[in-house]
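K.L.:
One structure, as structure tokens, below. Some questions next.
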Amino acid sequence: MLKTHKKTLSLVVFMLCFNKAALAQQPENTPLLNTVNSQSNEPSPLIKGATPTLVSDNLLFLEGPTWSNQDNAFYFSEMNFASSQALGPDSTIYKLVLPNTLTTYLKHSGTNGLYAKGESLYTLNHKTQSLSKINIKSKTNTVIVNKFDGLSFSSPNDMTMHKNGDIFFTDPNWQLGERSQQMPYTGVYKLSNTGTLSLIDATLEKPNGVALSPDQRTLYVGDFSNRVSKYTIDENGDISPREDFIKVTSPDGIKVDSAGNIYVSSHKKGVINIYTPRGSLIDKIELGPNVTNLAFGGKNRKTLLITTAKGLFTLDVKVAGLAN
């Protein structure tokens, strides 16, 4: 439960309504299963000649992958845009034990982004318009927060967690469904380890993927205006104003490896771009239309699980991802 509410920014931004489900209505996905050679002098974190392995193409629109150290398994969400959209698309959480043992974990979950930590599976839930968490063993669900300044969130999308327990999450309106939007903006929020909820930014157009640098001093956020922004976090946890970082077509999920390289899913382009901490493009993974997100996991966290609108893939890499 929240102890206090702290409003740090107030800005009304009216935005054009755009239905993410429309992006999923593409021809059958025929992935280009190849990686592109490094485009700078920086070393690529990819294994030369490695190609993504298709785990399954018998799934719907996939999102929110995360690795659970508790279960030594990946979890991810599947959204059904052919279902009733009253509360956003019906969702199912799946569990993947490498290399390809796939099982249903939880039906009708209402989830998009997931983040596994210890015994908990944190969920960004469009059905309940909340940041919630599920006990992995019992599947008991607890709503952590579903309002800011007395208004309901729209459709919480993705999150990351600081090593001190602070949670950063995004709230666009992709899966608002048939509900009216209460928030006058789409925002980025911080839920502190003491339970204080604050608004980091209300100027972004449908903020989506969010990630932290290895030193936990930089927060990256992608939004629908084709950019990834960064924010500096000081030793007191205070967050600087937004800075432009890199331009990416329709950025979706974002992850960072232990060397600080930033992996950004370009939804429309069907590519995962990989950048140095300075923002130089060093490599990319081509998968075809509608790539949505990725997560590091497996042995030594050197396996990528990649979600798309038409298929689930794995790819081994040279550089480990950050541990949850």
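K.L.:
Mind telling me which of the residues Asn173, Asn193, Asn236, Asn208 ends up being assigned to a loop (DSSP other than H, G, I, E, B), within 15 Å of the chain's Cα centre (by Cα) and without any contact (Cβ under 8 Å) to a residue 60 or more places away in the chain?
P.N.:
Details: Asn173 fails: without any contact (Cβ under 8 Å) to a residue 60 or more places away in the chain; Asn193 fails: within 15 Å of the chain's Cα centre (by Cα); Asn236 fails: within 15 Å of the chain's Cα centre (by Cα).
That would be Asn208, the only listed residue that is assigned to a loop (DSSP other than H, G, I, E, B), within 15 Å of the chain's Cα centre (by Cα) and without any contact (Cβ under 8 Å) to a residue 60 or more places away in the chain.
K.L.:
Just to be sure, is Leu96 modelled with pLDDT of 90 or more, among the hydrophobic types (A, V, I, L, M, F, W, C), part of a loop (DSSP other than H, G, I, E, B) and surrounded by 15 or more Cβ atoms within 10 Å (Cβ to Cβ)?
P.N.:
No; evaluated as a whole, the condition is false for this residue.
K.L.:
Name every residue in segment 257-283 that is assigned to a strand (DSSP E or B), touching a residue at least 24 places away in the same chain (Cβ under 8 Å) and among the aliphatic types (A, V, I, L, M), in order of residue number.
P.N.:
Ile262, Val264, Ile272, Ile274, Leu281, Ile282
K.L.:
Of all residues being among the charged types (D, E, K, R) and free of Cβ contacts under 8 Å to residues at least 60 places away in the same chain in segment 129-170, which is surrounded by the fewest Cβ atoms within 10 Å (Cβ to Cβ)? Just the residue, please.
P.N.:
So the residue we want is Lys137.
K.L.:
Is segment 282-300 home to any residue that is within 16 Å of the chain's Cα centre (by Cα), among the hydroxyl-bearing types (Ser, Thr, Tyr) and either surrounded by fewer than 22 Cβ atoms within 10 Å (Cβ to Cβ) or more than 24 Å from Thr186 (Cα to Cα) (or both)?
P.N.:
Step one: of segment 282-300, the residues within 16 Å of the chain's Cα centre (by Cα) are 290-297.
Narrowing the set further to residues that are among the hydroxyl-bearing types (Ser, Thr, Tyr) leaves 292.
Checking which are either surrounded by fewer than 22 Cβ atoms within 10 Å (Cβ to Cβ) or more than 24 Å from Thr186 (Cα to Cα) (or both) leaves us with none.
No, segment 282-300 has no match at all.
K.L.:
Might you check whether a residue that is touching a Lys or Arg at 6+ places or on another chain (Cβ under 9 Å) and either surrounded by fewer than 20 Cβ atoms within 10 Å (Cβ to Cβ) or at pLDDT 95 or above (or both) occurs anywhere in segment 305-314?
P.N.:
Scanning segment 305-314, I find no residue that is touching a Lys or Arg at 6+ places or on another chain (Cβ under 9 Å) and either surrounded by fewer than 20 Cβ atoms within 10 Å (Cβ to Cβ) or at pLDDT 95 or above (or both), so the answer is no.
K.L.:
Would segment 244-256 turn up any residue that is closer than 27 Å to Asp71 by Cα and assigned to a loop (DSSP other than H, G, I, E, B)?
P.N.:
No.
The values are calculated or read from the model by the stated rules, or taken from the named source; none is laboratory data. Computed from a prediction, not measured in an experiment: that's the story for all the values here. With ideal geometry, Cβ positions are generated from the backbone for all residues, glycine too; neighbour counts draw on all protein chains shown.
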